[in-house]
1. Could you please find all residues in region B:38-47 being at the interface with chain A (Cβ under 9 Å from one of its Cβ atoms) and modelled with pLDDT under 95?
2. Could you tell me whether any residue of region B:69-82 is in a strand (DSSP E or B), away from chain A (no Cβ under 14 Å) and farther than 16 Å from B:SER24 by Cβ?
3. Of the residues B:LEU108, B:LEU76, B:LEU95, which is surrounded by fewer than 21 Cβ atoms within 10 Å (Cβ to Cβ) and farther than 15 Å from A:PRO44 by Cβ?
4. Collect the residues in region A:69-110 that are surrounded by fewer than 15 Cβ atoms within 10 Å (Cβ to Cβ), over 27 Å from B:ALA38 (Cα atoms) and not small (Gly, Ala, Ser), keeping them in residue-number order.
5. If you go through region B:72-110 one residue at a time, how many are among the small types (Gly, Ala, Ser), touching a residue at least 60 places away in the same chain (Cβ under 8 Å) and closer than 17 Å to B:PRO61 by Cα?
6. Is it the case, given these coordinates, that B:TYR101 is within 15 Å of B:SER27 (Cβ to Cβ) and more than 10 Å from chain A (Cβ to nearest Cβ)?
7. So A:ILE77 passes all but one of these: (1) on the phi < 0 side of the Ramachandran plot; (2) at pLDDT below 95. Which condition number does it fail?
8. Any idea which of A:PRO44, A:PRO104, A:PRO82 is closer than 15 Å to A:ILE21 by Cα and touching a Pro at 6+ places or on another chain (Cβ under 8 Å)?
Amino acid sequence: GESVGLHLPTLSVQEGDNSIINCAYSNSASDYFIWYKQESGKGPQFIIDIRSNMDKRQGQRVTVLLNKTVKHLSLQIAATQPGDSAVYFCAERKDSYDKVIFGPGTSLSVIP
Amino acid sequence: DAGVTQSPTHLIKTRGQQVTLRCSPKSGHDTVSWYQQALGQGPQFIFQYYEEEERQRGNFPDRFSGHQFPNYSSELNVNALLLGDSALYLCASSLSRGEQYFGPGTRLTVT
């Protein structure tokens, strides 16, 4: 079956430190892997995605790494800020118009 | 430019009742997807509408139905509500192929 799961349900980091959120996936047929941020009372917000033919992609303060050999996805947030506190979901799509399959989420708490 | 909007924000219903949730997509988007998010879990795909037709469907019973209008807005209908239907219902819009933008959701409580 298809599933996306996370290693750690909660993560606390000091403001200014780097954060790493990990995710395992099981569907080798997925072509897109996505990270979403969900703040309290809001819908998921797209952060960054990566296609299956890539192993690294960088955005503003965020980097996503994809290891297809071990089916592992990670999100790195540089210089974590209080505004980064939220629940982070990894997700996958088979292609660009397919449904999004979400994992269970990791709660990131930034300590001032 | 307004993003995805959903109404109502909150809703309380009784078991056995029916509910209709509404979604207006982001300007220019033609595809609407609906997700159910139980407390503490990731969103689960319900179905997707494109050109007023259901294009994909997740593992949800027929009690869950939807509609897309010519202006691309959409409705989600749930019949014979169960306590387990209590959740945050999210609407996401996109172009036929592309990133999905999520609305704030409708919080449904079934008592």
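The values are calculated or read from the model by the stated rules, or taken from the named source; none is laboratory data. Given the structure is predicted, the values throughout are model-derived calculations rather than measurements. Cβ sites come from the backbone with ideal geometry, for glycine too, and all protein chains shown count toward neighbours.
1. B:GLY40, B:GLN41, B:GLY42
2. Quick first cut of region B:69-82, residues in a strand (DSSP E or B) only: B:74-78.
Keeping just the survivors that are away from chain A (no Cβ under 14 Å) gives B:74-78.
From what's left, farther than 16 Å from B:SER24 by Cβ: B:77-78.
There is at least one residue in region B:69-82 that is in a strand (DSSP E or B), away from chain A (no Cβ under 14 Å) and farther than 16 Å from B:SER24 by Cβ.
3. Numbers: B:LEU108 fails: surrounded by fewer than 21 Cβ atoms within 10 Å (Cβ to Cβ); B:LEU76 fails: surrounded by fewer than 21 Cβ atoms within 10 Å (Cβ to Cβ).
Step by step, each of B:LEU108, B:LEU76, B:LEU95 is checked, and only B:LEU95 is surrounded by fewer than 21 Cβ atoms within 10 Å (Cβ to Cβ) and farther than 15 Å from A:PRO44 by Cβ.
4. Those that are surrounded by fewer than 15 Cβ atoms within 10 Å (Cβ to Cβ), over 27 Å from B:ALA38 (Cα atoms) and not small (Gly, Ala, Ser): A:THR69, A:VAL70, A:GLN81.
5. Count: 1.
6. On the way: within 15 Å of B:SER27 (Cβ to Cβ): yes; more than 10 Å from chain A (Cβ to nearest Cβ): no.
Against the criterion (within 15 Å of B:SER27 (Cβ to Cβ) and more than 10 Å from chain A (Cβ to nearest Cβ)), B:TYR101 does not qualify.
7. Unmet condition: (2).
8. From the options A:PRO44, A:PRO104, A:PRO82, the qualifying one is A:PRO104.
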